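Engineer: One structure, pasted below without further comment.
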Amino acid sequence: MTSRNVIPILVVIVVLASLGAFVTWRLKGEHAARPAFHVAILHDRSESVRAGCESVVGLAQQALAEHGSGDITLTVLTTGDAASANEPVEIGHYSLSPSHRALEGRGTLVRKREELLQGLTARCTRVAPTQVSPIYLGLRRALEQLHAIGCEAPNECRLLAATDSKETVEPAIVAALRGEVAKDPASLLQNRDIPVLLCGLAETTAREDEPPSKKNMKKPAPVVDMTAVWRSVFSEPEFVRFEPYCFKGRVEEGAR
């Protein structure tokens, strides 16, 4: 091989090496610059909630779409019952990284999201409904989890809850939802730096076999009263919003 042929080859090698180094630098730089996005989803699995796993999957889809280009962690909890001392139960914890997705391609990104949602659906549909709604404790633990992960700037956090908001365990909230004044108020839920969404307030049922704690409640108060009750237990009520219905995701018939 003559020197005339070697020089163009060396130029190509140098150009390709420089391009590879530049791409790697850009990916690392973008990865370092992107804030992490942490989301906790609480699923109220009480029998009084008409919408089930469709709402949980829908909230997960929304979270993934909102920050599809950044690091994201997704923690999914269900409300507890007597078996867990009313403590919420974690049914899934997921994480996705933008640097891995960028190197693997958009097709891999779509596939991983679908796998995540399918796995979440399978886990959610295996959870049995309960006759109690310790919503307050579920929200509290979800916020504690988010604070433990880290919600200070530049990171972002969200707490999303699919619930009809009919608390049956925390005495102060149960009393307030009945239009009564509790002897001891509930401790404030610390949602500093964490926007909160409670959706599904209108997605509720009324049945003859409802548990006494719900059956004996007076006629449900207007949504505005229920939202006022729940706003009052958050440290940053201006960052709490409500929606009567949750966005629904697709749940395969075989998973129901």
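Readers should treat all values here as calculations from the given coordinates under stated rules, not as data from a laboratory. Being a predicted model, the structure only gives us computed values, none of them experimental. When we count neighbours, we look across all protein chains shown, and the Cβ atoms used for this are built from the backbone with ideal geometry, even at glycine.
Engineer: ³J(HN,Hα) across segment 35-48 via Karplus (A = 6.51, B = -1.76, C = 1.60, θ = phi - 60°), whole Hz, x for Gly/Pro?
Structural biologist: x, 7, 10, 10, 10, 10, 10, 10, 9, 7, 9, 5, 5, 7
Engineer: Still on this model: Once the other residues with Cβ under 15 Å from the Cβ of Leu146 are scored (Lys, Arg +1; Asp, Glu -1), what is the net sum? Walk me through the numbers before you get to the answer.
Structural biologist: On the way: positive: Arg140, Arg141, Arg158, Arg192; negative: Asp71, Glu90, Glu144, Glu152, Glu156, Asp193, Glu236.
With Lys, Arg at +1 and Asp, Glu at -1, the neighbours total -3.
Engineer: What distance in nm separates the simple spin-label points at Leu188 and Ala228, each placed 7 Å from Cα in the Cβ direction?
Structural biologist: If labels sit at Leu188 and Ala228, their model points lie 2.0 nm apart.
Engineer: If each residue of separation counts as 0.36 nm, what is the full-extension length gain between Gln131 and Glu152 once their alpha-carbon separation is subtracted? It would help to have the intermediate numbers written out before the result.
Structural biologist: Numbers: separation 21, 0.36 × 21 = 7.56 nm, distance 3.65 nm.
The span from Gln131 to Glu152 would gain 3.9 nm if fully extended.
Engineer: Could I ask something else about it? If you take every residue apart from Gln190 with its C-beta less than 10 Å away from the C-beta of Gln190, what net charge results, scoring Lys and Arg +1 and Asp and Glu -1?
Structural biologist: -1
Engineer: Most exposed first by the Cβ proxy, i.e. fewest other Cβ within 10 Å, how do Cys151, Cys157 rank?
Structural biologist: Final ranking by Cβ density, sparse to dense: Cys151, Cys157.
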